[in-house]
């Protein structure tokens, strides 16, 4: 499967939910863990995006949402997340109703084989347990966003990939779209990133 160059609607680009609200992942997820526990609910998932980087300590900034790529959200968890968002907003801490979402779930089908064996735990609670991708796969998701939308440069820099890691990623990126401009876009974007990282070109 390739991810393609198609834009969604209603605030979604490539499955990523865009909202005006921001949150601190560690704080929000601790509160949501308590919320789930009090309702005898539990959830295990694989997440990517800014929240994953924040939980890993790679970045230190608020994020807009928590992007789940596996599994699909059970209805009970989706309902709990919406109710939690409403309660947080009433308490003066605005949270998007879809702050917990599976917008980028399609990326799981495009990742290199064996990615599930390289998962890393990043949040362990009493009711909520989260993992994220290995470094190379997480880098791929951020590089795709950079090549495709021109976003996430700061996150790519924070991941500090080596020149070898970028070369490995380039082979995967080139498979993600069949458009004529895609190879040039990927090459130019990675060359710019290499220059910013101080890798010799």
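Read the figures in this text as sums done on the coordinates, not as results from a lab. All figures in this text were calculated on a predicted structure; none of them were measured in a lab. Counting neighbours? That spans all protein chains shown, and the Cβs are built from the backbone with ideal geometry, glycine included.
See the values below:
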{"quantity": "Within a Gaussian network of the chain (alpha carbon springs, distance under 10 Å), most fluctuating of 79, 165, 180", "calculated": "180"}
{"quantity": "The chain - mean residue ellipticity at 222 nm from DSSP helices (-39,500 (n - 2.57) per run, n ≥ 4, rounded to 500)", "calculated": "-14000 deg cm²/dmol"}
{"quantity": "Between helix 75-90 and the chain: long-axis angle, C-alpha atoms, 0 to 90°, nearest 10", "calculated": "80"}
{"quantity": "Spacing of the two label points (7 Å from each Cα toward its C-beta) at residue 180 and residue 113, in nm", "calculated": "3.4"}
{"quantity": "Kirkwood hydrodynamic radius over Cα pairs of the stretch 137-197, then Stokes diffusion coefficient at 20 °C and 1.002 mPa s, in µm²/s", "calculated": "190"}
{"quantity": "Inverse mean reciprocal Cα-Cα distance (Kirkwood Rh) of the chain, Å", "calculated": "17.6"}
{"quantity": "Angle in degrees between helix 25-38 and the longest Cα principal axis of the chain, rounded to the nearest 10", "calculated": "40"}
{"quantity": "Residue order, fewest to most surrounding Cβ atoms within 10 angstrom, among 124, 24, 102, 132", "calculated": "124, 24, 102, 132"}
